[in-house]
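A short write-up of the structure that comes next.
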Amino acid sequence: MPPHVPRKRLRGSPGREESKSGTGAEKPVKPSKRKATLYDDLDANATATSLSAKTSVEFFQSLQDDSESSLSSLSDEDFEDLPLAKRPKVSPDNCEDDEEDVEFEDVEAPAQVTSSVPAVSGDLELTLNKDSRLSLTNVFGDKKGPSKRERKVRNATHCLHVLSLLWHNAVRNSWLCDPEVQGILISHLPPKMWDEVDRWRQKSGLVKPPPQPKLSASKARSRAKGERKEKDSRDWGDAAKRLEEGRVDMSHGDPLFRLMQSLTSWWKQRFKITAPGLRKWGYMALERLDRLTKAYKDEHTDYNRFGERVASLEEFRQCALKCEGSRDVGAQLFTGLLRGIGLDARMVASLQPLGFGWNRLEDANPEDESTQRNAQSTSPAKPAKSTAKDASKNMKKPMGKSSAIPSKRRQSSRNLAAVDTISDDTDDLEREYKDTDDESVVEMQITPKKPPTPTRKFDPGLEYPHYWTEVLSPVTNRYLSVDPIVKNLIATNREITEAFEPRGQKADKARQVMAYIIGYSADGTAKDVTIRYLKRQVLPGRTKGVRMPIEKVPIYNHLGKVKRYEEFDWFKSAMSGYRRGTKANPITEIDDDEDATDLKPAAPEKKQVKEGEETLQFYKQSKEFVLERHLRREEALRRDALPVKKFKNKAKGGKAEEEEDVYLRSDVLQVKSAETWHKQGRAPLVGEQPLKRVPYRAATTNRRREILEAEAATGQKVLQGLYSYDQTDWIIPPPIQDGIIPKNEYGNIDLFVEHMLPEGAAHVPFRGAMKVCKRLKIDYAEAVVDFEFGHRMAVPVIQGVVIAEEHHDEVMIELEKDEAERKRKEDEKRRKAALGQWRKFIMGLRIVERIRQEYGEIDESVSVFGHSKSAASKDHVHVATAAQDEDMGGGFLPQGYEEEHEEQHHTSSFFPVGDDENDAGDDAGLTIEHH
């Protein structure tokens with residue numbers, strides 16, 4: 001029990017200082033150190049040092065001090081008023097005055113709190129690690145767009161997620177082909193469903209109908225009477241009663257429709273959704289991802305937070321046995337059920353990967369801790385208890401006339417009969433006596449039927465399925481889409497097929513998209529069936545922005561120019577490992593027919609606009625008419641172009657309508673600047689005025705500086721003239737004279753096309769031609785064939801030289817000699833490099849051979865650098881070494897060969913040179929040769 005500390009109860013006179021005890025001598029007070037008071041300990045921090053045992057002992061000793069104690073020296077303001085406690089009666093003889101009496105109350109001292117944090121002693125070392133990961137969220141929002149690196153990272157994340165989902169669904173499709181899973185699913189079918197399956201097989205012509213049993217005489221007479229009555233109204237004869245055996249009965253449409261209606265309605269009632277399905281969350285911050293990752297390692301079974309987890313085939317079999325799981329598992333098991341019956345069924349998966357865009361829908365919703373705690377705390381067992389209590393209350397209440405419904409007496413009697421069959425105490429006579437209308441009502445008052453327990457709804461925001469089934473009809477050879485869980489759809493027409501496409505505000509809020517829809521067959525192959533579910537089968541449709549588009553890859557020639565563009569479809573390459581077309585899984589006729597009809601993208605429909613109902617968008621996309629406002633920078637109208645009609649633009653805000661001239665698209669010409677035409681070997685004609693003037697586009701820093709200076713000098717914006725093809729002519733330079741090549745201000749000649757070469761000159765497009773011309777002292781000019789732009793600079797591409805035609809042969813001869821000499825030097829260089837490698841290799845072999853002769857053969861039994869592969873003894877090593885010393889012949893030295901020891905001391909780059917006296921005994925006959 002903690003010690004009790006006396007606390008001052010009443011206020012004393014501030015001027016009086018009396019001793020607490022009548023006996024005892026006064027002790028001198030040390031002025032150097034103030035004594036600890038009660039408030040010193042009560043107001044101190046709860047640490048080990050402030051509440052140590054030593055301090056407590058000193059405090060209790062100080063309470064017995066004289067009148068100079070610090071407790072009596074405190075003012076009235078230092079104490080607080082407390083209510084009076086019960087105290088024993090004190091006689092007036094023991095005290096002289098009431099004001100002089102001081103009573104104390106036992107107060108418990110605060111418990112000593114020990115800190116779990118160890119006391120810091122010595123230097124404190126902090127290690128800060130910088131997180132080098134790149135956040136996938138848009139931190140800056142709309143203020144700043146993503147960088148090129150962030151776009152690449154998000155594209156790579158999207159592609160990786162798609163590949164992971166493809167493999168996940170491929171594994172799940174393989175589980176559906178498991179015979180045990182299919183056997184479990186078939187065992188759930190009731191007899192009525194088997195009757196529907198047999199009916200479908202007979203109607204489809206897959207099996208022959210069983211022979212009808214012969215009717216008895218009485219039944220035959222009654223049937224004949226009914227047929228006679230029908231003959232009066234309509235008589236088609238016996239031939240029309242039944243089709244030929246083995247023929248398909250299409251009188252009510254495809255027989256598969258009725259079978260799917262029966263199976264989907266039964267499966268929706270049989271399967272119970274007990275877990276959430278797949279859902280796209282979006283991109284999160286790195287801190288939130290770290291928390292989720294750590295939480296998943298500890299609580300991966302929490303499906304309310306992390307979703308359903310079916311880790312193995314055995315767990316999948318348990319889902320099939322119990323007929324429960326997420327809605328995704330329910331759709332998958334339905335596919336396995338159809339395969340078990342004998343239908344060719346595909347498992348269709350609508351992939352929901354992380355996007356590569358930068359809109360707000362790609363980011364995850366803000367984290368809400370309260371909703372997560374509520375989701376974890378709630379459990380489906382709580383409402384069951386409340387319903388059980390309500391049921392018990394209802395049992396105690398007497399049922400009135402309104403509770404007893406006469407129309408449901410048959411149901412009550414059936415329920416009563418079911419209860420009697422279960423109980424063992426009742427017999428047949430008693431059950432027959434109670435099986436009456438009146439007794440059944442009384443029995444229902446005692447044992448009412450329990451109301452169904454409310455079940456929790458999972459994924460309420462996901463209105464569109466992520467998994468469904470495609471069944472191949474053996475009659476029409478067409479695939480029928482069936483959704484048995486979410487929307488209960490059977491796509492018998494085109495409108496129902498398009499209903500699988502997520503659209504609307506709720507789908508956008510739940511981040512449900514249509515990007516990649518894959519159908520997995522029973523043979524393990526997969527097929528992209530996205531086009532079937534698009535609206536009017538038009539690409540890209542709703543897949544725009546969420547599916548990787550087809551990329552145009554440039555193909556360059558040997559000059560570095562773009563020769564052509566090739567289309568690269570990333571998803572097509574990702575599906576290459578799943579598609580049919582191999583020897584094991586060849587393409588069938590059904591696949592070809594499907595690709596030509598259901599999976600063929602349709603051309604977008606052209607809307608026919610009536611006269612007078614044209615819009616700006618119509619003229620912008622029209623290939624016949626054009627408005628002057630829609631002309632591009634390099635487009636202009638002919639000088640003699642006339643408008644064909646007027647367009648009245650509806651102004652906003654009640655303003656008057658503006659009329660614009662409409663021109664024919666054939667009157668539009670392509671125009672270019674004089675510099676662009678010069679690179680194509682053309683120049684504007686003298687006196688021609690440009691058709692259009694536009695602002696300059698400065699591609700280099702120097703040009704931008706020139707434009708700024710011109711604008712500062714004139715005060716107007718500098719414009720550039722554009723010319724059409726008819727306003728230009730070919731550039732034909734004048735012929736050269738006296739072998740002198742004309743040059744521009746940079747000392748070279750422009751040779752963008754062949755006809756820009758002057759008459760009497762020749763182009764030598766070989767390297768080293770400039771050196772030959774300098775050596776032969778021939779006039780030349782470097783040929784500029786193109787320009788390369790980069791880093792705000794224009795770099796000319798020089799290819800050979802231009803010389804006079806009479807010097808062409810001489811220059812070519814010298815070039816051949818230089819080329820031969822260059823090849824000879826390159827061959828010599830390669831020869832020296834090869835000889836050097838061989839010399840190094842041979843020297844190494846000779847060194848190894850000398851080491852073997854000196855120290856013997858080293859095999860795996862010898863421990864080298866402390867590592868030995870076999871635990872051989874040292875004696876075995878010595879014996880092997882001695883045997884090798886006796887048989888030293890072989891290798892690079894023949895038997896009987898003796899080396900001559902030279903007295904001269906040579907050096908090499910392999911062994912260091914030492915003193916003769918010190919190293920005489922260490923060489924041990926090792927000869928060092930100098931090469």
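The values are calculated or read from the model by the stated rules, or taken from the named source; none is laboratory data. This one's a predicted model, so the numbers in the text were calculated from it and none came from an experiment. A quick note on method: Cβ atoms are made from the backbone with ideal geometry, for glycine too, and the neighbour counts reach across all protein chains shown. The area values use the complete protein model at the heavy-atom level, side chains included, leaving out ligands, DNA and RNA. Shrake-Rupley method; radii C 1.70, N 1.55, O 1.52, S 1.80 Å.
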Exercise for the section: Only residues that are assigned to a helix (DSSP H, G or I) and either without any contact (Cβ under 8 Å) to a residue 12 or more places away in the chain or open to solvent by 50 Å² or more (accessible area, probe 1.4 Å) (or both): list them for the range 314-339, please. Expected result: Glu314, Glu315, Gln318, Leu321, Lys322
Exercise for the section: Provide a single number: the residues in the range 797-828 that are in a strand (DSSP E or B) and open to solvent by 60 Å² or more (accessible area, probe 1.4 Å). Expected result: 2
Exercise for the section: Could you please find all residues in the range 595-617 being surrounded by 10 or more Cβ atoms within 10 Å (Cβ to Cβ), among the aliphatic types (A, V, I, L, M) and assigned to a loop (DSSP other than H, G, I, E, B)? Expected result: Leu599, Ala602, Val609
Fill in the blank from the handout: Contact list, first residue from the range 565-583 and part of a helix (DSSP H, G or I), second anywhere and at pLDDT below 95 and open to solvent by 80 Å² or more (accessible area, probe 1.4 Å), beta-carbon distance below 8 Å, six or more apart or interchain, is Trp570/Glu551
Completion exercise
Restricting the range 481-496 to residues that are touching a strand residue (DSSP E or B) at 6+ places or on another chain (Cβ under 6 Å) and buried (at least 16 other Cβ atoms within 10 Å of the Cβ), the one nearest to Arg536 (Cα to Cα) turns out to be Ala491
Completion exercise
Subset of the range 618-649, residues within 46 Å of the chain's Cα centre (by Cα) and either among the basic types (Lys, Arg) or open to solvent by 100 Å² or more (accessible area, probe 1.4 Å) (or both), comes to Lys620, Gln621, Lys623, Glu624, Glu628, Arg629, Arg632, Arg633
Exercise for the section: Collect the residues in the range 661-708 that are among the β-branched types (Val, Ile, Thr) and more than 16 Å from Arg639 (Cα to Cα), keeping them in residue-number order. Expected result: Thr676, Val686, Val694, Thr700, Thr701, Ile707
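Yes or no, residue by residue, for (1) in a loop (DSSP other than H, G, I, E, B); (2) open to solvent by less than 60 Å² (accessible area, probe 1.4 Å); (3) among the small types (Gly, Ala, Ser):
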position	(1), (2), (3)
Asp729	no, no, no
Pro735	yes, no, no
Asn744	yes, yes, no
His755	no, yes, no
Pro758	yes, yes, no
Met770	no, no, no
Completion exercise
Among (1) among the β-branched types (Val, Ile, Thr); (2) assigned by the TED database to the domain that holds Leu534; (3) open to solvent by less than 70 Å² (accessible area, probe 1.4 Å), Ile587 falls short only on (3)
Handout entry: Hey, Ala699 over 30 Å from Asp779 (Cβ atoms), touching a residue at least 60 places away in the same chain (Cβ under 8 Å) and surrounded by 12 or more Cβ atoms within 10 Å (Cβ to Cβ) or not
Key = yes
Handout entry: So Asn155, is it surrounded by fewer than 16 Cβ atoms within 10 Å (Cβ to Cβ), part of a helix (DSSP H, G or I) and either touching a residue at least 24 places away in the same chain (Cβ under 8 Å) or touching a His at 6+ places or on another chain (Cβ under 7 Å) (or both)
Key = yes
Handout entry: Asp750, sole failed condition from (1) closer than 16 Å to Val797 by Cα; (2) exposed (fewer than 14 other Cβ atoms within 10 Å of the Cβ)
Key = (2)
Exercise for the section: For the range 698-709, state whether one or more residues are part of a strand (DSSP E or B) and among the basic types (Lys, Arg). Expected result: no
Exercise for the section: Kindly check whether there is at least one residue in the range 491-500 that is small (Gly, Ala, Ser), outside any strand (DSSP E or B) and modelled with pLDDT of 90 or more. Expected result: yes
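Can you find a residue that is open to solvent by 60 Å² or more (accessible area, probe 1.4 Å), under 22 Å from Asp591 (Cβ atoms) and assigned by the TED database to the domain that holds Ile341 anywhere in the range 497-517?
So far as the range 497-517 goes, no, none of its residues is open to solvent by 60 Å² or more (accessible area, probe 1.4 Å), under 22 Å from Asp591 (Cβ atoms) and assigned by the TED database to the domain that holds Ile341.
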Practice task
Looking only at the range 837-849, decide whether some residue is of a type in the set (Gly, Ala, Ser) and farther than 30 Å from Leu776 by Cα.
Solution key: yes
Problem - Number of the condition not met by Leu189 [criteria: (1) farther than 26 Å from Arg270 by Cα; (2) assigned to a loop (DSSP other than H, G, I, E, B)] - result: (1)
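Quick check on my filter: what residues within the range 518-531 are under 16 Å from Thr497 (Cα atoms) and open to solvent by 10 Å² or more (accessible area, probe 1.4 Å)?
Asp528, Ile531
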